[in-house]
1. From the cross-link list B:K126/B:K235; A:K76/B:K90; A:K264/B:K49, which pairs have alpha carbons spaced over 32 Å apart?
2. Looking at chain A, I'd like the Rg to Rh ratio, where Rg is from alpha-carbon atoms and Rh is Kirkwood's inverse mean 1/r.
3. Suppose every Lys and Arg Cβ carries +1 and every Asp and Glu Cβ carries -1, with no other charges. What dipole size does the protein assembly as shown come out with about its Cα centre, to the nearest 20 debye?
4. Please list, in chain and number order, the residues 5+ apart from B:I242 or on another chain whose amide H is under 5 Å from its amide H, with Hs placed from the backbone.
5. Can you name the helices of chain B, as whole DSSP H runs, whose Cα span along the helix axis is 18 Å or more and whose Kyte-Doolittle mean is not below -0.5?
6. Ranking A:L161, A:L32 by Cβ neighbours within 10 Å, fewest first, what do you get?
7. For region A:177-191, take each phi angle, set θ = phi - 60°, evaluate the Karplus expression 6.51 cos²θ - 1.76 cosθ + 1.60, and give the result in whole Hz per residue in order, putting x for glycine and proline.
8. If Rh is defined by the Kirkwood formula over all Cα pairs and Rg also comes from Cα, what ratio Rg/Rh do you get for the protein assembly as shown?
Amino acid sequence: MTTTASTASSAEVADLPLLLESPGRRMWRRFLKNPVGVTSSIVIVLFFTVALVMGICSMLGIYFPYNPNTTELTQKLLPPSAAHWLGTDNLGRDVLSRLLNGSYISLTVGFVAVAVSLFIGVTVGAISGYFGGWIDNIIMRVVDAILCFPSFFLILTAVALLGPNIMNIIVVIGLVSWTGTARLVRAEFLTLRETEYVRAAKALGIRTPGIIFRHILPNAAAPIIVTAVVGIPDAILTEAGLSFLGFGVQPPQATWGNIISDGKTYLLDAWWLIVFPGMAIFIAALAFYLAGDALRQAAESRSERK
Amino acid sequence: MLNFIIRRLAISVVLAFLISLISFFIITLTPGSPYPWGELNPKITPQVKEAFKKKFHLDRPLIEQYWLNMRDLFNGNLKSIKDDRPVLQKIGERLPATISLNVLAAVISLSFGLALGVYAAKHAGKTPDLLTSILAFIFIAMPGFWISYLIVIGLVRFTDVPILGTQSYGVIFTNSASLWLDRFWHIALPAVVLSIGGIAVQSRFIRASMIETLREDYIRTARAKGLEPDTVFFKHALRNSIRPLITGIGGLLPGLIGGSVIIETIFAYPGLGRLGYEAVLERDYPTLVAINFIVAALILLGNLISDVLYAVVDPRVRLE
């Protein structure tokens, strides 16, 4: 008897904080209930850890399992074996070492390029949506114009002319891909600036930056986070495409894209030069897309009860 | 309706101007020499350099360069640095191949995307829905060049399907049927690879649109008056959900043309994307300006057409 009574009351108590739960908390709780979201987050954390460890190791000059840039011409184009798990390339370099070493390039490009594009997109979108009028009109026409360009070709052109290195790649991807975020943030601001709490804040005499950053932006956070997460694989795929065309981070530094690019000459003899690096790009990108989708579902207010 | 079209046209003209500014300044403002020779080449005298600068208006201020560039582009006098041929002519040669490739890819994306999206919406919230949504993300996450090579490896090992170019080299076809079949085989593979991402994106759009339509009052009415669930789904809901497809066509274009840079390079397909890649390799500034401008203008035109079509189908849009 007492046990049922206590469970009933504890259920009531457990329900209570749910009603007062912050939107961020609720989004997080729902995200953790989604198996696809959790699995893909684990994959992302794995990739992130490997990239971090590899980045630190290569700075310290420690390589695992081999030095990714040591050429061993007697060992060239070997299929996967116990000594070289993923085989060797045309210069006898170990593919697994190169893949691991290349992982931090891909993830760095993904995260930093998204940070750049978020910064521009949020700023521009906030200005456009908050002030409206002719400012909004001009900004949105520029956004429309940029959206007409095939973004990959624009990025390729700019990176090739600037000179392909990691800084330029990150900056160019960021500079070209902020338009989606800007549109989204603008739309959020257009609705949120009419809400009662924003009007109240205005009536209280709070300055514009305070309203934008403390009152509106936090309420637009969920869709911004989702676009950021989905932007990361976009940037990773773009970098891989650039590397593949020879305008990514330059050799001898390994990237996932340029391993495939180097391997394409030996396409029919050495499938492992194509299959494994592509698999790395694919799995990393897929994990981010699925995690982003799970976050989007968690942020939707409707889907709480089916 | 006429009002709507005129307003749309006016906006498009402004956008075309912005596009021309962006495509010109991105290319001219990037540091690096526009000369097709090395800085230290002893054979290049200052006179040659001067003549080159004069020919491509590089001695003028930037604004004037922009004006001259655009004037020459529209006159057809803008010449490639690489081979001195008019840029428009070079682009014109490649345009039919690119358009046929992209149209085919768009058709594949839309039809398969529609089928997949409708299937997912029919089973919304159940396992088939989850599986198709994961499949869509798998399609988006696969790098195009990787999947191309996987397909090429497979095809070369197990079949003798032709792969590179637009038609088999050195083969004389006795009748036009086999010629067209050969051409079809050459275009099919790049088109399929190019459409993979589009299928995924379209299926997501269709699914979302279907689910939104199914919540409408008239669907509830149709169900309430006792119609077969399938009739309601395929006749009432589907018809009202495919409108976003029209805008989808406009949204598909930039991705297709951007993606075709890589795909055309892999399959040695003589389209605009490959011309662009060659121009990037040669730092051929006039060609790059022209390609970026023309492709963006084509996409603008595509968007304009799809906007107008949308307004024809859905009168509510005209008032916005």
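No value in this document is a laboratory result; all are computed from the given coordinates. Quick caveat: nothing in here was measured; it's all calculated off a predicted structure. Cβ coordinates were reconstructed from backbone atoms using ideal geometry, including for glycine residues, and neighbour counts include every protein chain displayed.
1. As for pairs spanning more than 32 Å Cα to Cα, those are A:K76/B:K90; A:K264/B:K49.
2. With Rg and the Kirkwood Rh in hand, the quotient comes to 1.08.
3. Computed charge dipole of the protein assembly as shown: roughly 1200 debye.
4. Excluding prolines and chain starts, which carry no amide H, there are no hits.
5. Length and hydropathy pass: B:2-29, B:62-75, B:87-122, B:127-141, B:144-158, B:176-214, B:243-266, B:285-313.
6. Starting with the residue having the fewest Cβ neighbours, the order is A:L32, A:L161.
7. 9, 7, 5, x, 4, 4, 4, 5, 5, 4, 4, 4, 5, 4, 6
8. So for the protein assembly as shown, dividing Rg by the Kirkwood Rh gives 0.99.
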